[in-house]
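Accompanying notes for the structure given below.
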Amino acid sequence: MERRAAEPGAGDLALVLISGGASALLPAPAPGIGLGDKLEVTRLLLHGGATIHELNAVRKHLSTIKGGGLQRQLRPARVVTLALSDVIDDDPSVIGSGPTAPDPSTFGDALVALERCGALKRCPPPVRQRLEAGARGALEETPMPGDPIFDEAIYRIVGGNRTSVLAMAAACGADVEVETEPLEGEARGVGAMLARRLAAVPPCAWVAGGETTVTVRGSGRGGRNQELALAFALEAAGRPLADRDGWVFLAAGTDGRDGPTGAAGGIVDASTLGRIRRAGIDPAAALDDNDSCRALDAGSALLRPGATGTNVADVAVFLSE
């Protein structure tokens, strides 16, 4: 990519197409940083419950291509970017870690993110050394908003999470509630909150989008959507939904993969917990151990559509008779 980016000159047009997964597929570690260093710091941030903004603030400052780096390399060509957004607020600086977008984050912000997630002291020494050097002003910052390299650049978002949510709503018909705010926060807390809210006056159909996070404290396997679905089922068991059979709740990643598993998420109903318990698994203990995948699998409640070929974050659906 960097070799190709050096080819266009003044008067040329560079068309850049970005979709979910670009951050992972274009690591381009900065000098002194190994790919293993980036993998380890990403793992630490994810286990520490980092938001996508925190994660990308770090990744952009450990790369030569993220955070406007590709835009720098494509100049003086005119750059047009078309993006499929897997970011909830469609922030160009976060989609794919913003290779052709201005970067409002700094080396200092990256250090703060690592500290908040408990990863600063445990991250590979080259990572900490680079970020600290950048915070001291010893390294060039990523191009910020207002940098002249973006003067003639065009950036267009051609699809995203909200587009997907509205398409689901249209498929549900007229009697559907569309969540106005994106689902964010700790997955198990969001799942419990939704179960309480939807149990009060169950809508016929409800759809939402977003991207929750998981702070890993256990030793199990799962993903944010599986954890959200299991938490919903557990909370629903103590609510009016426990006495109703005609409802189902789904939480899934649109790329078909949720965390380090082969499932996209979970799909639960009033009978899910019973099936999990009959398989000899305590669903509450599984949730505490971040072991939602094993629990939902035992309850025949995993959604496995396979890879979808794109990523516009996560979706959630509730249906009731």
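Tabulated data for the structure shown
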{"read-out": "Dipole moment magnitude, nearest 20 debye, region 2-159 about Cα centre, only Lys, Arg, Asp, Glu C-beta charged", "value": "520 debye"}
{"read-out": "Estimated 222 nm signal from helices in the chain, with DSSP H stretches of n ≥ 4 weighted -39500 (n - 2.57), rounded to 500", "value": "-10000 deg cm²/dmol"}
{"read-out": "Max mean-square fluctuation residue, GNM over the chain, Cα-Cα springs under 10 Å, options 131, 15, 120", "value": "15"}
{"read-out": "Amide H within-cut-off set for residue 183, under 5 Å, with H built and near neighbours excluded", "value": "209, 210, 211"}
{"read-out": "Cα centroid separation, region 1-75 to region 254-321 (Å)", "value": "31 Å"}
{"read-out": "Relative contact order, percent, region 2-159 [alpha-carbon distance under 8 Å, six or more residues apart]", "value": "32 percent"}
{"read-out": "Neighbour-count order for 212, 180, fewest beta carbons within 10 angstrom listed first", "value": "180, 212"}
{"read-out": "Gyration tensor (alpha-carbon) shape descriptor, region 161-320, a/c threshold 1.5", "value": "oblate"}
{"read-out": "Among beta bridges that DSSP assigns inside the chain, antiparallel share in %, nearest 5", "value": "60 percent"}
{"read-out": "For region 205-222, 3J(HN,Hα) per residue [Karplus equation, 6.51 cos²θ - 1.76 cosθ + 1.60, θ = phi - 60°, Hz, x = Gly/Pro]", "value": "8, 9, 10, 7, x, x, 7, 8, 10, 10, 8, 7, 10, x, 10, x, 10, x"}
{"read-out": "Kirkwood Rh, Cα atoms: Rg over Rh of the chain", "value": "1.02"}
{"read-out": "Value of relative contact order over the chain, rounded to a whole percent, pairs C-alpha under 8 Å and six or more apart", "value": "18 percent"}
{"read-out": "Sum of side-chain charges, residue 155 neighbourhood, beta-carbon under 14 Å (Lys, Arg +1; Asp, Glu -1)", "value": "-4"}
{"read-out": "Residue order, fewest to most surrounding Cβ atoms within 10 angstrom, among 61, 53", "value": "53, 61"}
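Each reported figure results from applying straightforward, stated rules to the coordinates on display, with no laboratory input. From a predicted model like this one, the values you see are computed outputs, not experimental measurements. We place every Cβ from the backbone using ideal geometry, glycine too, and count neighbours over all the protein chains shown.
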